[in-house]
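I have placed the structure first, in the form of structure tokens, so that the comments after it can refer back to it.
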Amino acid sequence: MKKILFVTSEAHPLIKTGGLADVCGSLPKALAELSQDIRLIMPNYKALKTKGDVRFLCSLRIDNRDVNILETRMPDSDVIVWLVDCAEFFNYPGNPYTDEQGNAWPNNDERFALFCRVAVVCALDRINQDWKADIVHCNDWQTGLVPAILSLEDDRPATVFTIHNMAYQGLFPASHVASLNLPGQLWHLDGLEFNNMLSFIKGGLVYADRITTVSPTYALEIQTPEFGYGLEGLLTYRNDALVGIINGIDMDQWNPETDTYISKNFDIKTLAKKQINKADLQKKSALPENGQVPVVALISRLVEQKGIDMVIDCLPEMMTMPMQFVLLGAGDKDYEKRLQNLARLYPDKIALTLGYNEALAHTIEAGADIFLMPSRFEPCGLNQMYSQRYGTIPIVRKTGGLADTVIDAIPETIADGTATGVVFSEASAGTLIEAIKRAMLLYTNRDAWNKMQIDAMQKDFSWQRSAEQYLALYNSI
Ligand code: ADP
């Protein structure tokens, strides 16, 4: 049994801005189920949705600041969570990283540097809890300084750093380095320095014993200039320490048989009941109730990564096809505006919900026929897996985790029962619209479509499989 300190800036259901939280909510539980002694550590944001007891564990003074460590549990689980409580840095409402306009909090470097220092102190049991970590598993740039600072310790735990998205690197002006009081040995070109900036993510990439990312294809992609953001050389150099492990999904939360958000539960034997969910979705979306036309859906942050511009370019042509389009998302204001304009033009074909809405996300997965995910890059992606579980056929671009989790419907894969979606390669509106047409055609063949839905619903996307791979990795260090 290993003692694992799992360091993260978000974990569902305590707080979530994206897929990182899904992973950090699920993987620790899956590792606990494999009998590992795992604890999470994360900042005590005001917006945190803790359930049950939160107790005071200890206090410490770090960088001239008073910090409390609080202890609670992951909701509906025994996994212990340590909360780094520093009111000045974390006790304000809203998003952990940005203000309401989406601008990064101006002191993010100080906030997460403090968080990293506290995680190091806890990992080494300098808080006297009789619990010293064997493995410290860090996630994304917010935790990147942990492997770096730990590398300077003699008797230290092994470190793992997981890249959930290379696009977010935690870059700050070099002039901030002094005020962060970081050990001087870390500040050089082969350390935390990157193009004369302080790079938090480099702390993980340079100093962690092992680097993981969230799909095998993304592990290869980030070693190329297109996806590496200038760090491809470093990642290629560390190739032996780098591995891709696909994320699982929470099979309980995203289970059409038991989902309490949806109108009618269903499984592969009662797939026809998906129609009831479709009618419910159409009703909630104020679209005409029509069981015949396919409902095409998209749930996403509205950012360039997700290929939203390509979808916007395709929409006028999509509107000439017999389909309805349901979109739930929030993000880039320009995309939001263009989508609003289109939704106004086609009120009985497009339903647009701007905002974040967990319940509606489930309603959409249950009721839609086709799910769009034309990402330019996608480290792993979750929605294409949720979709398959709900018999909603995904159209995805062949990149990262999308390439690893969706099998394109071509004659061979349809024949051998492995097809679960439509996959296209080039990131262009023209190629996307061809893929949509291909899906529309497949949809007209009801028997083949039903078979593909059932094959998709039976795929094993459980966390257990992924957690076993992480455990093997911990054991190999
Ligand atoms: P990313 O982490 O890049 O945003 P993922 O597909 O890995 O993309 O994970 C996104 C997660 O956030 C999924 O659980 C998805 O359902 C959810 N999500 C994204 N936007 C919304 C929204 N507007 N409302 C509800 N859930 C959303």
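The values are calculated or read from the model by the stated rules, or taken from the named source; none is laboratory data. Because the structure is a prediction, the values reported are computed rather than measured. Virtual Cβ from ideal backbone geometry, glycine too; neighbours counted across all protein chains shown.
Of the helices (runs of 4 or more DSSP H) lying entirely inside the stretch 95-214, those carrying at least 2 residues that are touching a Gly at 6+ places or on another chain (Cβ under 8 Å), within 23 Å of Leu5 (Cβ to Cβ) and in the same structural domain as Ser9 (by TED's automatic domain parsing) are 108-123, 145-150, 200-207.
The helices (runs of 4 or more DSSP H) found entirely in the stretch 316-413 that carry 3 or more residues being of a type in the set (Lys, Arg) are 333-345. Considering (1) polar (S, T, N, Q); (2) within 16 Å of the ligand (Cβ to nearest atom); (3) crowded, with 19+ Cβ neighbours inside 10 Å, the lone condition that Ser199 does not fulfil carries the number (2). Where strands (runs of 3 or more DSSP E) fall entirely within the stretch 8-82, those with at least 2 residues that are closer than 17 Å to Thr162 by Cα and not assigned by TED's automatic domain parsing to the domain that holds Ile299 are at 37-43. Just one of (1) away from the ligand (no atom under 16 Å from the Cβ); (2) touching a Gly at 6+ places or on another chain (Cβ under 8 Å); (3) over 20 Å from Glu304 (Cα atoms) fails for Leu432. It is (3).
Residues of the stretch 258-302 being within 29 Å of Val23 (Cβ to Cβ), out of contact with any Asp or Glu (no Cβ under 6 Å at 6 or more places or on another chain) and surrounded by 18 or more Cβ atoms within 10 Å (Cβ to Cβ), which ones? Those that are within 29 Å of Val23 (Cβ to Cβ), out of contact with any Asp or Glu (no Cβ under 6 Å at 6 or more places or on another chain) and surrounded by 18 or more Cβ atoms within 10 Å (Cβ to Cβ): Asp259, Ile262, Phe266, Lys274, Asn277, Leu281, Val296, Ala297, Leu298, Ile299, Ser300. For the criterion of being without any contact (Cβ under 8 Å) to a residue 60 or more places away in the chain and buried (at least 17 other Cβ atoms within 10 Å of the Cβ), Ala439 fails. Pick from the stretch 3-23 the residues that are surrounded by 19 or more Cβ atoms within 10 Å (Cβ to Cβ) and under 22 Å from Ile149 (Cα atoms): which of them is nearest to the ligand (Cβ to nearest atom)? The qualifying residue nearest to the ligand (Cβ to nearest atom) is Glu10. Looking at this structure, is Leu192 of a type in the set (A, V, I, L, M, F, W, C), modelled with pLDDT of 95 or more and under 27 Å from Ile38 (Cα atoms)? Here the answer is no, as Leu192 does not meet what is asked. If only residues of the stretch 240-257 that are free of Cβ contacts under 8 Å to residues at least 24 places away in the same chain and under 23 Å from the mean Cα position of the chain (by Cα) are counted, the one that is surrounded by the most Cβ atoms within 10 Å (Cβ to Cβ) is Gln253. Among the residues of this structure, Lys398 counts as one that is surrounded by fewer than 24 Cβ atoms within 10 Å (Cβ to Cβ), closer than 30 Å to Gln223 by Cα and more than 10 Å from the ligand (Cβ to nearest atom).
Checking each residue in the stretch 358-377 for being within 16 Å of the chain's Cα centre (by Cα) and within 7 Å of the ligand (Cβ to nearest atom) picks out Glu358, Ala361. The condition of being touching a Leu at 6+ places or on another chain (Cβ under 7 Å) and surrounded by fewer than 18 Cβ atoms within 10 Å (Cβ to Cβ) holds for only one of Ala343, Ala351, Ala330, that being Ala330. Of the residues Val293, Val311, Val303, Val326, only one is without any contact (Cβ under 8 Å) to a residue 40 or more places away in the chain and within 16 Å of the ligand (Cβ to nearest atom); which? None of the other options fit; the residue is Val303.
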